[in-house]
1. Take every Cα-Cα distance within the chain, group them into 10 Å bins from 0 onward, and report for each bin the whole-number percent of pairs it holds.
2. Towards the positive end of the charge dipole of the chain, with charges on Cβ (+1 Lys, Arg; -1 Asp, Glu), say which of 36, 10, 66 has the farthest Cα.
3. Please list, in order along the stretch 2-14, the HN-Hα scalar couplings obtained from phi with the Karplus expression 6.51 cos²θ - 1.76 cosθ + 1.60 (θ = phi - 60°), rounded to whole Hz, x for Gly and Pro.
4. Run the dipole for the chain about the Cα centre, Lys and Arg Cβ at +1, Asp and Glu Cβ at -1, nothing else charged, and hand back the magnitude in debye, nearest 20.
5. Would you mind checking which residues have amide H under 5 Å from residue 59's amide H? H placed 1.01 Å from N; only 5 or more apart, or other chain.
6. Using a simple spin-label model with points 7 Å from Cα along the Cα→Cβ vector, what separation in nm is obtained for residue 38 and residue 61?
7. Work out the FRET efficiency for residue 71 and residue 17 from their Cβ-Cβ distance, taking R0 = 35 Å, and round it to the nearest 0.05.
Amino acid sequence: MQVIIAIVSIVFIFIFLAIEGLVNSRKPYACPNCGHIFIKKWYALMFKSSPPVKDGSGELRLKCPACKKVDFCVHTNYED
Ligand SMILES: [Zn+2]
C-alpha cells in the first residue's frame, strides 16, 4: 500500500511539473543580453524551480539560443 501511495505521489508531482512547464512555455522569452526572443519547450521548463509565470510577466533563468548566455530571460507578451 505504501508503494502505491509513493507512486501516486510521484505521478502527481510529475503532472504538476508538466502543467507548470506548459504554462511557462505558452509565451516566449526575451534575452536581456541580445534581445533575442525565443520559445522553450514545456519539457525544458518543467524542471525549472520557478512558480508558473502568469499574465505574461516574470522571468526564468534560461540559456539564450542566440548568444548562448545563461541569464534571467523576461517573459514577454509577444504573440506569434
Ligand atoms: Zn541572447
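Just so you know, all these numbers are worked out from the coordinates, no wet-lab data involved. All figures in this text were calculated on a predicted structure; none of them were measured in a lab. Reconstructed Cβ throughout: ideal geometry from the backbone, glycine too, with neighbour counts over all protein chains shown.
1. Each 10 Å bin holds this share of Cα pairs: 20, 44, 21, 11, 4, 0.
2. 66
3. Coupling constants for the stretch 2-14: 5, 5, 5, 4, 5, 5, 4, 4, 5, 4, 5, 4, 5 Hz.
4. 260 debye
5. 75
6. Label at residue 38, label at residue 61, 1.7 nm between them.
7. Numbers: r = 23 Å, r/R0 = 0.65.
Taking R0 as 35 Å, the efficiency between residue 71 and residue 17 is 0.95.
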